[in-house]
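Trainee: Could you have a look at this structure, given as structure tokens, before my questions?
The values are calculated or read from the model by the stated rules, or taken from the named source; none is laboratory data. Just so it is clear, the model here is predicted, and its values are computed rather than measured. A quick note on method: Cβ atoms are made from the backbone with ideal geometry, for glycine too, and the neighbour counts reach across all protein chains shown. We work out accessible area using only protein heavy atoms, side chains counted, and drop any ligands, DNA or RNA first. Shrake-Rupley method; radii C 1.70, N 1.55, O 1.52, S 1.80 Å.
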Amino acid sequence: MEQSREGDKHMNMDKGGQKEEITREIQLRGKGGTSFLGSPLESLDVEWVARMVLEVCYKALFNALTRRDHEHKENRRLIEKHQRIESITQSMREQGADQEQLTEIEEMLTPPETTLLGKIQTMIKRLSEAELQLDETVFVLQLYLNYL
């Protein structure tokens, strides 16, 4: 009963103090029954810790997905412009266009647009990688909790 009340208390926490509160709770849970060797980790409720980490992973995954979608929507025109330029350039290469024509087409994207596009692509790539890592962590934690 006490454990469920503590879990409810943590579900209602704000994002700012969540890490500190979880850390403090882990420390408090670990102090209860020290063993012969004096290690507080032996009395740590690992299942509770796994569930809390799983909850944090779900929140981070939601945030990464939301942020990636937001960045893609906000910069949709620039991304589409880049895709159009790339497809035109590719078709011109296939038709045997000379380098001057290809350079002229590629210059349709201004230097500030190119810089911004690079930053956007890097951010979207990092967010996608974070999603994959979080998916893997969620998978491992779910496996652990299923086989307790």
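Trainee: Which of the following residues is open to solvent by less than 50 Å² (accessible area, probe 1.4 Å), out of contact with any Pro (no Cβ under 7 Å at 6 or more places or on another chain) and either among the acidic types (D, E) or not in a loop (DSSP other than H, G, I, E, B) (or both): L132, L127, L116?
Mentor: Unique residue meeting the criteria: L127.
Trainee: For the range 83-112, name all the residues that are surrounded by 13 or more Cβ atoms within 10 Å (Cβ to Cβ) and under 30 Å from E136 (Cβ atoms).
Mentor: Scanning the range 83-112 gives no hits.
Trainee: Here is a further query. Scan the range 56-94 for residues that are of a type in the set (F, W, Y) and over 14 Å from the mean Cα position of the chain (by Cα) and jot them down.
Mentor: Within the range 56-94, no residue meets the criteria.
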